[in-house]
1. Only one residue in 294, 280 is out of contact with any Asp or Glu (no Cβ under 8 Å at 6 or more places or on another chain) and in contact (Cβ under 8 Å) with a residue 60 or more places away in the chain, so which one is that?
2. When the range 313-358 is examined, which residues are found to be under 14 Å from residue 295 (Cα atoms), open to solvent by 50 Å² or more (accessible area, probe 1.4 Å) and touching a Gly at 6+ places or on another chain (Cβ under 8 Å)?
3. Quick one: would you say residue 332 is part of a loop (DSSP other than H, G, I, E, B) and among the acidic types (Asp, Glu)?
4. I'd like to know if the range 120-136 contains one or more residues that are in a strand (DSSP E or B) and open to solvent by 60 Å² or more (accessible area, probe 1.4 Å).
5. Of all the residues that make up the range 1-56, how many are hydroxyl-bearing (Ser, Thr, Tyr) and more than 22 Å from the chain's Cα centre (by Cα)?
6. Quick one: is residue 304 assigned to a helix (DSSP H, G or I), of a type outside the set (A, V, I, L, M) and over 20 Å from the mean Cα position of the chain (by Cα)?
7. Within the bounds of the range 111-128, is there any residue that is polar (S, T, N, Q), in contact with a strand residue (DSSP E or B) (Cβ under 8 Å, 6 or more places away or on another chain) and at pLDDT below 95?
Amino acid sequence: MLPAERLDAAFENKYSDAIPWFADLTYWYHAHEEMRTLPLRYRGEGRINLYMEMGCGAHEELYRHVFMIKRKQVEVQNYETKEPDGSTIRHEVFQTPMGDLRKVSKHSVKSHSTATIEYPVKTERDMKILRFILRDQVAKKDLEMYEWQLQMMRKWDGWGIVSSLPPRTPLMRMIVEWAGFSNTVKLQWRHREEFDETIQVMCEADDPVYEAVLDSPAKYVYFGENLSSDMISPRLFKTYLEPYYKKRTLELHAKGKKVYLHIDGGLRGLLPLLAQTGVDCAQSLTPAPAGDVDVKDFRKIAGDNIVLWGGLPGVLFSEKYPVEILKRLLEDIIETYINDRRFIIGVADQVPPDGEIGRVKIISETVESKGRR
């Protein structure tokens, strides 16, 4: 069986011939592309060759938004400036009749990563402006993305899963995109009524987005949440996330979709809560000592009714760590989950730019020799 066939079996709670193995190589790929060190055979349409040569399945390569956002009154201005060290400062300004919101981010060439250095929402008044922005937008299906999904499903057949990518859930959008963690907590605590109204407006703005996701060709839907129990307490989860997940997974399951959710931080407080929301899979599980749960305890913590995906910290693919540590961890995973129909071996969450790509192949060879059932 090919990687995508094995993953499909895990989501259907069926045995495959070996434990599924998927890796996110996008970080490594784009960093080497930017540094002009990417082998020619992997460039452009040859990206699939990387995964086939390494022997792992692809997922991050193959998700996209399947909706378009148009605005009636709000104008969005984007511009960039360069820093002496080569990094790029990106400005995104939302201009509205009620006032402007500005987001500033920094892209580092060295790490090939982007961080927000100024969030747009800081005050109670900013939440009012955000609600205007949300009510002003019009979301429609992107038929070109529907066609792209069909093309990728044909091209990557057996080697990758194509997924639709909706926005993050409203609470996580506030934290990651609009306000940052500490300010989100302050706004929720000090201006609860305004905060909850903003969350509700976000929910309503997502309805037409999910109409596009429901009608998309792809079977899989990716909730790119970046959840961590270091930030999200069980109380916040039950108040803001659980009801939203239940609503959306009910809609998606009715259309035959499968949902996997990105949780790549602390697990202990949230992993036991995910299965009851309808989410099919907890993806990018990071084990101790990088995370807070031993890899052998993932299933004990999560329960039996959810697919588990992860186990290999991305940092262990770096040359800074002996490959033997990675091999020993993989052996523990295989020993623990060889008979678990609903476990997928994955990188948690990406092979880094300085990762030794040959280690990915070592995982593949070990799965084929020791991970067969």
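The values are calculated or read from the model by the stated rules, or taken from the named source; none is laboratory data. Computed from a predicted model, the values in this text were never measured in an experiment. Note that each Cβ is placed from the backbone with ideal geometry, even for glycine, and that neighbours are counted across all protein chains shown. Please note that ligands, DNA and RNA were not included when accessible areas were found on the heavy atoms of the full protein model with its side chains. Shrake-Rupley method; radii C 1.70, N 1.55, O 1.52, S 1.80 Å.
1. Numbers: 294 fails: in contact (Cβ under 8 Å) with a residue 60 or more places away in the chain.
Going through 294, 280 in turn, just one is out of contact with any Asp or Glu (no Cβ under 8 Å at 6 or more places or on another chain) and in contact (Cβ under 8 Å) with a residue 60 or more places away in the chain: 280.
2. Once the filter is applied, which keeps residues that are under 14 Å from residue 295 (Cα atoms), open to solvent by 50 Å² or more (accessible area, probe 1.4 Å) and touching a Gly at 6+ places or on another chain (Cβ under 8 Å), the range 313-358 yields nothing.
3. Details: part of a loop (DSSP other than H, G, I, E, B): no; among the acidic types (Asp, Glu): yes.
Criteria not met by residue 332.
4. no
5. From the range 1-56, those hydroxyl-bearing (Ser, Thr, Tyr) are 15-16, 26-27, 29, 37, 42, 51; that's our starting set.
With the extra rule that they be more than 22 Å from the chain's Cα centre (by Cα), the set shrinks to 15-16, 37, 42.
Counting residues in the range 1-56 that are hydroxyl-bearing (Ser, Thr, Tyr) and more than 22 Å from the chain's Cα centre (by Cα) gives 4.
6. no
7. Yes - at least one qualifying residue is present in the range 111-128.
The rows are residues; the columns are (1) assigned to a strand (DSSP E or B); (2) closer than 21 Å to residue 19 by Cβ; (3) open to solvent by 40 Å² or more (accessible area, probe 1.4 Å).
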position: 252; (1), (2), (3): no, no, no
position: 256; (1), (2), (3): no, no, yes
position: 265; (1), (2), (3): no, no, no
position: 276; (1), (2), (3): no, no, yes
position: 311; (1), (2), (3): yes, yes, no
